[in-house]
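Take a look at the structure below.
The values are calculated or read from the model by the stated rules, or taken from the named source; none is laboratory data. Keep in mind the model is a prediction, meaning the values are calculated, not measured. In this analysis, Cβ positions are derived from the backbone assuming ideal geometry, glycine residues included, and neighbour counts consider all displayed protein chains.
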Amino acid sequence: MEHNLLEIDGPEFDFDSFANVVAPLLTQLELQVLERELNADLHVWLVDFEGCRLMLKGEHYSGQLWLEGLDSEARPTLAYLATMLQG
């Protein structure tokens with residue numbers, strides 16, 4: 001949390017399967033997608049959780065998936081979402 005990031009262990013994805021792979025995660029965490037951006041190897045989605053905006057990022061070359069807070073006030077939200085993932 002010190003870097004305002006929440007790394008997520010999830011199923012493997014590639015560039016084309018990202019949206020389908022993260023759909024259950026969005027539902028589980030009650031995240032609403034506001035914007036989607038595609039880069040060469042990175043999906044960057046602006047998502048909302050109860051008024052807190054976060055970036056959902058997925059890098060298909062490394063298979064890494066994470067939520068990133070946009071400011072320091074996102075830390076409690078990221079901590080809460082981490083507990084939801086553990087439950």
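One residue stands out in region 1-20 among those that are outside any strand (DSSP E or B) and in contact with an Asp or Glu (Cβ under 8 Å, 6 or more places away or on another chain): the one that is surrounded by the fewest Cβ atoms within 10 Å (Cβ to Cβ), namely 15. A single member of 2, 12, 35, 30 is under 19 Å from residue 85 (Cβ atoms) and modelled with pLDDT of 90 or more, and it is 30. If you filter region 50-75 down to residues that are among the acidic types (Asp, Glu) and surrounded by 15 or more Cβ atoms within 10 Å (Cβ to Cβ), you find that the one that is farthest from residue 37 (Cα to Cα) is 68. In summary, residue 78 fulfils each of the numbered conditions (1) among the aliphatic types (A, V, I, L, M); (2) in a strand (DSSP E or B); (3) closer than 12 Å to residue 7 by Cα with the single exception of condition (2).
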